Amino acid sequence: MIAYDPRVRVADEPDHSLVGVVRMPEPALSPIRSIGRRILGALLALVAAVFIVYLGRDGYRDVNEDGLSLLDAFYYATVSLSTTGYGDITPVTNSARLINVLVITPLRVLFLIVLVGTTLEVLTERSRQAFRIQKWRTKVRDHVVVVGFGTKGRAAVKTLLGDEAIEPNKIVVVDTDQQALDAAAALGLVTVHGSATRSDVLRVAAVQRARAVVVAADRDDSAVLATLTARELAPKAHIVVSVREAENVHLLKQSGANQVVVSSETAGRLLGMATSTPVVVDMFEDLLTPESGLAIAERPAEKSEEGGSPRHLPDIVLGVVRDGQLYRVDAAAVDAIEPGDRLLYVKKVTPADRVE
């Protein structure tokens with residue numbers, strides 16, 4: 001693996017140089033299945049060689065000079081493909097020798113490739129990764145870039161995979177911690193090794209074509225720099241940032257963040273509430289946990305609901321989004337639902353819903 005070097009502009013490097021910086025998710029394949037496929041490939045090559053030799057058995061000479069039987073064909077194919085070659089059976093006619101050159105020799109190479117597949121995989125891994133990186137960079141669009149895969153970044157990814165139902169290969173994680181990237185790759189995510197404060201690293205993550213960026217850096221100064229860089233490269237992306245201190249919110253807003261979540265203050269409020277009203281904290285935990293229970297969701301208003309009050313719907317409506325602006329359900333501006341409105345409501349989540 002190539003070590004990350006902050007002095008190198010990775011965005012300007014060719015795709016084959018990004019192996020070790022960009023990591024594509026590997027298709028899941030059990031060791032038993034992998035070995036079974038190789039054995040099957042070797043057997044198919046052996047059977048093909050036996051068939052060809054037996055079909056042209058008149059062109060071969062045995063030391064016993066009693067002709068080639070089916071067993072002799074198996075024997076010759078086995079020693080030929082394994083490159084043992086005892087020489088007791090030899091092709092003597094021009095056609096048999098030509099078949100050995102054009103067919104048996106390629107089968108021998110294929111047989112050896114299958115048997116030493118593990119070694120070959122190591123040798124060809126770099127080329128395969130380079131091809132997959134090139135293909136991914138050409139096609140990736142409307143993905144989500146997650147900066148930082150610590151506690152906050154992992155929770156954000158979990159929500160994206162759960163509530164948002166985003167495919168793992170549509171999430172790109174940018175981090176400098178290789179262990180964090182390994183954990184992200186284990187979930188099937190695309191990973192980029194580098195600092196998100198650098199524009200060339202974010203270009204490798206194709207942030208300029210992303211629909212959203214989640215900045216979950218461990219430090220507020222890193223979050224500000226990453227937000228500035230991401231906004232410069234992706235003017236239309238929706239950028240959400242987590243910070244520790246509320247005094248840095250205005251910096252992130254000025255840097256281009258659409259939404260800022262103050263993690264320390266939010267946690268502090270919940271801790272304070274837990275001392276006097278612990279049940280309220282339990283309700284918040286339920287709403288924020290995507291697996292089951294209750295969850296806050298968004299949906300378009302139905303045609304039959306237009307003109308009515310959002311407070312009188314069967315769903316528990318918390319707010320109405322109109323023209324990109326959020327109104328609380330008790331706001332006078334949303335006494336009546338209009339076409340194009342979107343409703344924020346509380347829905348019940350079951351494991352079955354999550355599978356779907």
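Conditions (1) at pLDDT 80 or above; (2) in contact with a helix residue (DSSP H, G or I) (Cβ under 8 Å, 6 or more places away or on another chain); (3) among the hydroxyl-bearing types (Ser, Thr, Tyr); (4) farther than 21 Å from GLY162 by Cα, marked per residue:
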position: LEU251; (1), (2), (3), (4): yes, yes, no, yes
position: ALA257; (1), (2), (3), (4): yes, yes, no, yes
position: PRO290; (1), (2), (3), (4): no, yes, no, no
position: PRO300; (1), (2), (3), (4): yes, no, no, no
position: SER304; (1), (2), (3), (4): yes, no, yes, yes
position: ASP315; (1), (2), (3), (4): yes, no, no, yes
position: ASP330; (1), (2), (3), (4): yes, yes, no, yes
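For a quick check of your reading: which helices (runs of 4 or more DSSP H) sit entirely within region 174-286 and have at least 2 residues that are farther than 25 Å from ILE133 by Cβ and without any contact (Cβ under 8 Å) to a residue 12 or more places away in the chain?
Hits in region 174-286: 249-255, 263-276.
Report yes if VAL101 is modelled with pLDDT under 80 and of a type outside the set (Ser, Thr, Tyr), otherwise no.
Answer is no for this residue.
Identify, by number, the condition in (1) part of a strand (DSSP E or B); (2) modelled with pLDDT under 90 that GLY319 doesn't meet.
For GLY319, the exception is condition (2).
Is it true that THR138 is in a helix (DSSP H, G or I), at pLDDT 80 or above and surrounded by fewer than 18 Cβ atoms within 10 Å (Cβ to Cβ)?
yes
Residues checked against (1) surrounded by fewer than 13 Cβ atoms within 10 Å (Cβ to Cβ); (2) touching a Leu at 6+ places or on another chain (Cβ under 6 Å):
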site	(1), (2)
ALA246	yes, no
HIS250	yes, no
SER263	no, no
ALA267	yes, no
LEU271	yes, no
THR277	yes, no
VAL281	no, yes
GLU285	yes, no
GLY293	no, no
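Considering only region 337-356, state which residues are surrounded by fewer than 13 Cβ atoms within 10 Å (Cβ to Cβ) and modelled with pLDDT of 90 or more.
PRO339, GLY340
Test of understanding: among ALA96, ALA77, which residue is under 16 Å from PHE51 (Cα atoms) and within 44 Å of the chain's Cα centre (by Cα)?
ALA77
If we scan region 322-335, do we find a residue that is over 30 Å from VAL215 (Cα atoms), surrounded by 12 or more Cβ atoms within 10 Å (Cβ to Cβ) and without any contact (Cβ under 8 Å) to a residue 24 or more places away in the chain?
Within region 322-335, one or more residues are over 30 Å from VAL215 (Cα atoms), surrounded by 12 or more Cβ atoms within 10 Å (Cβ to Cβ) and without any contact (Cβ under 8 Å) to a residue 24 or more places away in the chain.
The values are calculated or read from the model by the stated rules, or taken from the named source; none is laboratory data. Values in this document were obtained by computation on a predicted structure and should not be read as measured data. No Cβ is skipped: glycine too gets one built from the backbone with ideal geometry, and neighbour counts run over all protein chains shown.
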